1. So is E210 closer than 28 Å to G57 by Cβ, of a type outside the set (G, A, S) and either surrounded by 14 or more Cβ atoms within 10 Å (Cβ to Cβ) or touching a residue at least 12 places away in the same chain (Cβ under 8 Å) (or both) or not?
2. In a strand (DSSP E or B), on the phi < 0 side of the Ramachandran plot and either surrounded by 20 or more Cβ atoms within 10 Å (Cβ to Cβ) or of a type in the set (F, W, Y) (or both): is that true of A173 in this structure?
3. Do you know which of the residues in region 2-15 that are assigned to a loop (DSSP other than H, G, I, E, B) and surrounded by 18 or more Cβ atoms within 10 Å (Cβ to Cβ) is modelled with the highest pLDDT?
4. For region 59-111, give me each residue that is acidic (D, E) and crowded, with 16+ Cβ neighbours inside 10 Å.
5. Take Q197 and tell me if it is at pLDDT 90 or above, under 30 Å from D124 (Cβ atoms), surrounded by fewer than 17 Cβ atoms within 10 Å (Cβ to Cβ) and not acidic (D, E).
6. Mind checking which residues of region 41-58 are over 15 Å from V27 (Cα atoms), surrounded by 15 or more Cβ atoms within 10 Å (Cβ to Cβ) and either in contact with a Phe, Trp or Tyr (Cβ under 8 Å, 6 or more places away or on another chain) or acidic (D, E) (or both)?
7. Considering only residues of region 16-32 that are at pLDDT below 95 and not hydroxyl-bearing (S, T, Y), which is nearest to the chain's Cα centre (by Cα)?
8. Among residues belonging to region 152-163 that are among the β-branched types (V, I, T) and surrounded by 19 or more Cβ atoms within 10 Å (Cβ to Cβ), point out the one that is modelled with the highest pLDDT.
Amino acid sequence: MTQSAPPLVLNKVRFRWPGRSSFELSVPAFNVERGESVLLLGESGSGKSTLLSLICGIVVAQSGLVAVDGTDLASLRPGARDRFRAERIGVIFQQFNLLPYATVADNILLPLQFAPDRRKRAGDALATAARLCTALGLPDGSMSTQAGRLSVGQQQRVSVARALIGQPPLIVADEPTSALDANTQDAFLGLLFDQVQATGTSLLMVSHDERLGHRFDRVLRLEDIATTERQLA
């Protein structure tokens, strides 16, 4: 980790999905600074998922720089990228991606199994998970409850705790409020921002919902930072 480096830097990035009908994404320059919250707006099919895949190191750009916390993801082999993602990026998935038969505690602690440095930062991991549950408004006793028995809103909060534990420098959130009504969205974002600010973590959220923008330091549209092209081979 380079303390002076932003948590996320993209520079002259070009990525093309292979296939007969190809999709290309180009990002000339985009940064997320330390402690900053950024909302990136884009409609379905606009390239948001491709961009997140690049940021998380699931795919690698054909050219340009994608750096997380000062590390060029293209310099890492696939297995090392997976371990680096577990260490340095907390992901809040649209569908939560919890293990339904595992307990809340096991779900929250899961990324620490693949990230020894993050596990050290968590300290007493079980106690840290319990504190996160309390801070996020989960009921007493939730830690021993199977995740699949929780309400949708409670599962969402567990996914936030899992992303936050161990204080990764970057949180990436993929449409986490898409299934919530306006009041529930606002309450959820309030809890999320409280915890992000408490840990000093940077937040990049992608969404199609412009109503969320008032909570963020910056609001951008995907077309502000990227160009996309679709071609038939």
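1. No, not satisfied.
2. Spelling it out, A173 is indeed in a strand (DSSP E or B), on the phi < 0 side of the Ramachandran plot and either surrounded by 20 or more Cβ atoms within 10 Å (Cβ to Cβ) or of a type in the set (F, W, Y) (or both).
3. Here the answer is P7.
4. Scanning region 59-111 gives D69, E87, D106.
5. no
6. Selection gives G57 alone.
7. L25
8. Selected residue: V158.
The values are calculated or read from the model by the stated rules, or taken from the named source; none is laboratory data. Computed from a predicted structure; not experimentally measured. Virtual Cβ from ideal backbone geometry, glycine too; neighbours counted across all protein chains shown.
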